[in-house]
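The values are calculated or read from the model by the stated rules, or taken from the named source; none is laboratory data. No experiment lies behind these values; they were computed from the predicted model shown. Cβ placement follows ideal geometry from the backbone for every residue including glycine, while neighbour counts extend to all protein chains displayed. Note: areas computed on protein heavy atoms with side chains; ligands, DNA, RNA excluded. Shrake-Rupley method; radii C 1.70, N 1.55, O 1.52, S 1.80 Å.
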Amino acid sequence: MRCSPQILFEFISTPVGLQEWFADEVNQRENQFSFTWNGAIDEAELLEEFENEYVRFRWDYYKPSEFFEFRIEQSPVTNETIFKITDFAEKNELKDAERLWNQQVNDLKHRIGS
């Protein structure tokens, strides 16, 4: 990504930032986030975050050991900002999940001008 970790962190950790690329509407009440797409609402709990490094959520329908995570790293060689996503999906849903995440990341890149 062509942006600083601080800018990217705002896009992955705040309702305003997430609403720019991830969902139509995002609301937060303490550690509970509501994500809305085309009128459908999904709830996720913010499990953990470390400023400018990562944010980890769990959808309310995930098993306790499952989560999705946005992680920011910097290449020690090129100093580029690297954006990594970890998510859980059923084997038969992997291609659809990958396609969805690729589309979401492309939206994010567009929003930050990367």
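Could you check how many residues of the stretch 3-42 are of a type in the set (Asp, Glu) and over 18 Å from LEU100 (Cα atoms)?
The number of residues fulfilling the criteria is 2.
Name the residue, out of GLU69, GLU49, GLU43, that is assigned to a strand (DSSP E or B), within 12 Å of the chain's Cα centre (by Cα) and over 17 Å from GLN104 (Cβ atoms).
GLU49
When you check SER114 against the structure, is it touching a residue at least 60 places away in the same chain (Cβ under 8 Å) and of a type outside the set (Asp, Glu), yes or no?
Spelling it out, SER114 is indeed touching a residue at least 60 places away in the same chain (Cβ under 8 Å) and of a type outside the set (Asp, Glu).
Please identify the pairs in which a residue from the stretch 87-98 that is closer than 16 Å to PHE67 by Cβ has its Cβ atom under 6 Å from the Cβ atom of a residue that is among the aromatic types (Phe, Trp, Tyr) and modelled with pLDDT of 90 or more, counting only partners at least 6 apart or on another chain.
ASP87/PHE68
Could you check how many residues of the stretch 82-114 are part of a loop (DSSP other than H, G, I, E, B) and open to solvent by 90 Å² or more (accessible area, probe 1.4 Å)?
Residues in the stretch 82-114 being part of a loop (DSSP other than H, G, I, E, B) and open to solvent by 90 Å² or more (accessible area, probe 1.4 Å): 1 in total.
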